[in-house]
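Engineer: To start, I am sharing the structure in question, which I have written as structure tokens.
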Amino acid sequence: EIFMADFEITIYHNGACSKCRGALEIMQEAHIPHEVRWYLTDPLSEVELQSLLRKLGMTPSALVRKSEPLYKEQYEGKNITEDEWLKILAAYPVLIERPIIEKGDTALIARPPERLYEIAGKAI
């Protein structure tokens, strides 16, 4: 029996990211109902990002992928405020750490992908 509440899960997905693909596969194989947000082609607004950061319990700077070439080329070592980081993440979603799994009022970064069970609520 599936309740509507089961469809609360959103995965913020980048198809080029192996961790994202791993998390998506786990959800498909475990039949966890979910929505996929292709955040590179459908970027988050600043308001959506702020909401997601609240759910993650993170600051914008904490969500930045420090391994991204764009970060190393443009932002590394610079003094950037949290407000500025929010604008940068909205403008350049490739800099957002991934995959993010969101359910209701909570969200987490699924690294390793199995962490999604912490909020998806199904075990293997």
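Quick note: the coordinates plus some simple rules give every number you see, no bench work behind them. Only a predicted model underlies this, so the values are computations on that prediction, with no experimental measurement involved. We place every Cβ from the backbone using ideal geometry, glycine too, and count neighbours over all the protein chains shown.
Engineer: Quick one: residue 118 ticks every box in (1) out of contact with any Phe, Trp or Tyr (no Cβ under 7 Å at 6 or more places or on another chain); (2) touching a residue at least 60 places away in the same chain (Cβ under 8 Å) except a single one, so which number is it?
Structural biologist: (2)
Engineer: Report yes if some residue within the range 80-93 is closer than 27 Å to residue 25 by Cα, among the aromatic types (Phe, Trp, Tyr) and more than 11 Å from the chain's Cα centre (by Cα); otherwise report no. Can you show your working first?
Structural biologist: Step one: of the range 80-93, the residues closer than 27 Å to residue 25 by Cα are 89-90, 92-93.
Filter again for among the aromatic types (Phe, Trp, Tyr), leaving 92.
Restricting the remaining residues to those that are more than 11 Å from the chain's Cα centre (by Cα) gives 92.
Yes, the range 80-93 has at least one match.
Engineer: When you go through (1) within 13 Å of the chain's Cα centre (by Cα); (2) farther than 17 Å from residue 118 by Cβ one by one for residue 10, which number turns out not to apply?
Structural biologist: Looking at each condition in turn, residue 10 falls short on (2).
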